[in-house]
Amino acid sequence: MEKTLTTEKANSDRYVQLENVDMTFSTKKGDFNALKNINLSIREGEFVSIIGHSGCGKSTVLNLIAGLTQPTEGLLFCAGREIAGPGPQRAVVFQNHSLLPWLTCYENVYLAVERVFCTSAEKKEPKTQLKTRTDAALELVGLTHATDKRPNEISGGMKQRVGIARALAMEPKVLLLDEPFGALDALTRANLQDELMKIMAK
C-alpha cells in the first residue's frame, strides 16, 4: 500500500525526503552495508551535491531516489508520495550513457519522449509535438548534426550529451545526475551547466 507524507511534511521544503534509510547488499563475502540511517530533505528547486570517496554510497542514494532499487530499511518520498519504483517525474543521467545501440541519437531521445507524453488515450500528444520536444532537447546539447548517427558512430562525450538530452526532454520534476559531465570537454560542460541553471529557474 502506497504511503503518503502528512500535509505538513509534503511541502516544498521536503519535496524529496529520505527517512532512516538503510541499504544492504548481499555479496559473496557476506552482507555489505552501503548506507546506514540516511535522512535527507531536498526542497523544490534546490540543487544538492553528494560528495564522497569512491564506494561511499553516492550512486546508491541516487538509485534509491530514482526508484531503481528499494531500501532495506526506511522510506523515501517525492512530492508527498512514497517512491515505490521508477517514474517519469524522476529522470536519471548516469555516468555511462546507457543508450540503446540499435537506435539513432534522435530515436533514443524520441523513445523517452513518447513513453512520457503518450502514456494514455487522455494524455497522447501528436507526433509533431513529440518531434518538437525531441529536436529541442538535441539542439539544447548541440547535437542537431548527429541525429541520424548511432551510438557506435559518435564519441563518448556526444553519447553522454544524448543521455542528458533524453533526460531533459522528459521534463522531469527531479533530475538526478550521477557525474554525467565527466566525459565532456570544459566548454561543453560549462554550457550544459548554464542551460541546466536556466531550466531550473523556469
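Here are a few things to note about the model shown:
- The residues of region 79-111 that are surrounded by fewer than 21 Cβ atoms within 10 Å (Cβ to Cβ), of a type in the set (A, V, I, L, M, F, W, C) and not in a loop (DSSP other than H, G, I, E, B) amount to a single one, Leu111.
- Of note, Asn152 satisfies the criterion of being modelled with pLDDT of 90 or more and outside any loop (DSSP other than H, G, I, E, B).
- Close Cβ contacts (under 6 Å, 6 or more residues apart or on different chains) running from residues in region 152-175 that are basic (Lys, Arg) to residues that are modelled with pLDDT under 90 and buried (at least 21 other Cβ atoms within 10 Å of the Cβ) comprise Lys159/His97; Arg161/Val141.
- In region 176-189, the residues that are in contact (Cβ under 8 Å) with a residue 24 or more places away in the chain, surrounded by 16 or more Cβ atoms within 10 Å (Cβ to Cβ) and farther than 15 Å from Ile65 by Cβ: Pro180, Ala183, Leu184, Thr188
- Of residues in region 28-68 being surrounded by fewer than 13 Cβ atoms within 10 Å (Cβ to Cβ) and among the hydroxyl-bearing types (Ser, Thr, Tyr), the one nearest to Lys198 (Cα to Cα): Ser49
- Verdict on Thr134 being loosely packed, with under 14 Cβ neighbours inside 10 Å and among the β-branched types (Val, Ile, Thr): no
The values are calculated or read from the model by the stated rules, or taken from the named source; none is laboratory data. Quick caveat: nothing in here was measured; it's all calculated off a predicted structure. Note that we place each Cβ from the backbone using ideal geometry, even for glycine, and neighbour counts take in every protein chain shown.
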